Amino acid sequence: MFIAILDFQTSPADRPAALAQLEAERDEVRAMPGNVAFRVYASREDDTTVTVVHEWQDRASFAPYLDSDCFARSGQVLRPLMTAAPVSRRFSAELLETVA
């Protein structure tokens, strides 16, 4: 499994627009081959931070997302809203079990 976690900040006034952009792209990202999850979180600690958690079957399935139209569209909208450089952390992970 491949996991990418993106954190970025906006102004409080711009965060709703950032969240709306990510929500607008969610279904397209979720439909991509190899995507397991795409979750967007607004921080409860402040009114500026947004976190996006991606889960993919493997790194190879994540790569086309980075080259996709929806990634480019989101970048065009989100980058001008960011008040600092985004931080993206990427992990290879082994799923041990799913407990329901």
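The values are calculated or read from the model by the stated rules, or taken from the named source; none is laboratory data. Quantities reported herein were computed from a predicted structural model and do not represent experimental measurements. So basically every Cβ, Gly included, is an ideal-geometry build from the backbone, and we count neighbours across all protein chains shown.
So is SER61 in contact (Cβ under 8 Å) with a residue 40 or more places away in the chain and either closer than 20 Å to LEU95 by Cβ or surrounded by 12 or more Cβ atoms within 10 Å (Cβ to Cβ) (or both) or not?
It is true that SER61 is in contact (Cβ under 8 Å) with a residue 40 or more places away in the chain and either closer than 20 Å to LEU95 by Cβ or surrounded by 12 or more Cβ atoms within 10 Å (Cβ to Cβ) (or both).
Find the residue count for the stretch 12-46, including only residues that are touching a strand residue (DSSP E or B) at 6+ places or on another chain (Cβ under 7 Å), of a type outside the set (D, E, K, R), surrounded by fewer than 15 Cβ atoms within 10 Å (Cβ to Cβ) and not in a strand (DSSP E or B).
Qualifying residue count, the stretch 12-46: 1.
Being basic (Lys, Arg), in contact with a Phe, Trp or Tyr (Cβ under 6 Å, 6 or more places away or on another chain) and at negative phi, is that true of even one residue in the stretch 56-64?
Checked the stretch 56-64: at least one residue is basic (Lys, Arg), in contact with a Phe, Trp or Tyr (Cβ under 6 Å, 6 or more places away or on another chain) and at negative phi.
What pairs come out if I take residues in the stretch 31-48 that are within 13 Å of ALA4 (Cα to Cα) and among the polar types (S, T, N, Q) and pair them with residues that are part of a strand (DSSP E or B) and at pLDDT 95 or above whose C-beta lies under 7 Å away, six or more apart or interchain?
From residues that are within 13 Å of ALA4 (Cα to Cα) and among the polar types (S, T, N, Q), the pairs are ASN35/TRP56.
Can you report the number of residues in the stretch 81-96 which are surrounded by fewer than 10 Cβ atoms within 10 Å (Cβ to Cβ) and not in a strand (DSSP E or B)?
So the answer is 5.
With respect to the numbered conditions (1) part of a loop (DSSP other than H, G, I, E, B); (2) surrounded by 13 or more Cβ atoms within 10 Å (Cβ to Cβ), which one is the sole condition not fulfilled by PHE71?
(1)
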